[in-house]
Amino acid sequence: MRIDVLTLFPEMFASPLSFSIVKRAQEQGLVEIALTNIRDFSIGDYRKVDDKPYGGGPGMVMMPGPVFDCHEHVTSLAPTKGRTILLSPQGTPLTQAKAAELSNEDRLILIAGRYEGFDERIRIGLGAEQLSIGDYVLNGGELAALVVIDAVVRLLPDALGDDDSAKDDSFSDGLLEYPQYTRPEVFRDMKVPDILLSGDHGKIAQWRRDQALQRTRQHRPDLLDDSDTPQ
Ligand code: 9D3
């Protein structure tokens, strides 16, 4: 997979992309991630990339010219067109299902914005989808793009090492995870539940499912449906 990121702040990406699974996936050639600065495609002495909204109102809007020219350039860097995604609070929310769908593409072009938003002609002209990462306000699309990259890359075949497991991930069975324990058996007067030391794998599986259900009911009741309720 190739992922291009169009951004005004490419420096924000270096550290998060240089660790662990995402780093290893790049080294293994499972993903190539290329950053391109939208400002390199602005014109004039001031390198302007934003302007006042037509009709008035607060803040500034990303100009279509630099984003279009940047996208055109980036498109020419690889043979496939891929999917163009605008990171935007107006987008459909990122879900694990969406991440899985995106992980099947061979090219993604992510556009991270700043200011109050994008000139609408960017979305229409580029045939871009819009993706949000949740209902809170960020200062720009960069961290959202990193979240998308992180969620997608770990789903690429062979991205996870033997010590990482995708099958067991929260959300893959629609429930939150059960409580986990490792050594020592007693830590600051808190003991590992006896059942986990019992060796009874049937009982342990039952306990874990029950704990997962309890936690989900408490913290994320929206994830539960009738199939989780014993009749
Ligand atoms: C006053 C209206 N604001 C919209 C809620 C303006 C605005 C604030 C912050 C417009 C863009 C931004 C920057 N955010 C993103 O670019 C963004 C984002 C987010 O803020 N939350 C969740 N997902 C995303 S994806 C991109």
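The values are calculated or read from the model by the stated rules, or taken from the named source; none is laboratory data. Owing to the predicted nature of the structure, the values given are computational and were not obtained by experimental measurement. Note: ideal-geometry Cβ built from the backbone for every residue, glycine included; neighbour counts use all protein chains shown. Calculation scope for accessible area: heavy atoms of the full protein, side chains included, ligands and nucleic acids excluded. Shrake-Rupley method; radii C 1.70, N 1.55, O 1.52, S 1.80 Å.
At a glance:
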| read-out | value |
| --- | --- |
| Selection from region 187-227 of residues that are modelled with pLDDT of 95 or more and part of a loop (DSSP other than H, G, I, E, B) | Arg188, Asp189, Val192, Pro193, Ser198, Gly199, Asp200, Arg220, Leu224 |
| Residue in region 75-91 that is small (Gly, Ala, Ser), touching a strand residue (DSSP E or B) at 6+ places or on another chain (Cβ under 9 Å) and either closer than 20 Å to Ala159 by Cβ or surrounded by fewer than 17 Cβ atoms within 10 Å (Cβ to Cβ) (or both) present | yes |
| Index of the failed condition, Tyr54 passing every other in (1) in contact with a Ser or Thr (Cβ under 9 Å, 6 or more places away or on another chain); (2) away from the ligand (no atom under 13 Å from the Cβ); (3) over 17 Å from Ile3 (Cβ atoms) | (1) |
| Any chance Asp69 is over 18 Å from Leu131 (Cβ atoms), assigned by TED's automatic domain parsing to the domain that holds Leu6 and away from the ligand (no atom under 16 Å from the Cβ) | yes |
| Candidates Thr7, Thr92, filtered to the one that is in contact with a Phe, Trp or Tyr (Cβ under 9 Å, 6 or more places away or on another chain) and of a type in the set (Ser, Thr, Tyr) | Thr7 |
| Those residues of region 42-71 which are without any contact (Cβ under 8 Å) to a residue 40 or more places away in the chain, open to solvent by less than 50 Å² (accessible area, probe 1.4 Å) and either of a type in the set (Phe, Trp, Tyr) or assigned to a helix (DSSP H, G or I) (or both), in sequence order | Gly65, Pro66 |
| Test set (1) in contact (Cβ under 8 Å) with a residue 40 or more places away in the chain; (2) more than 27 Å from Ser15 (Cβ to Cβ); (3) within 14 Å of the ligand (Cβ to nearest atom) - Thr80 fails condition number | (3) |
| Condition met for Glu101 (modelled with pLDDT of 95 or more and open to solvent by 70 Å² or more (accessible area, probe 1.4 Å)) | yes |
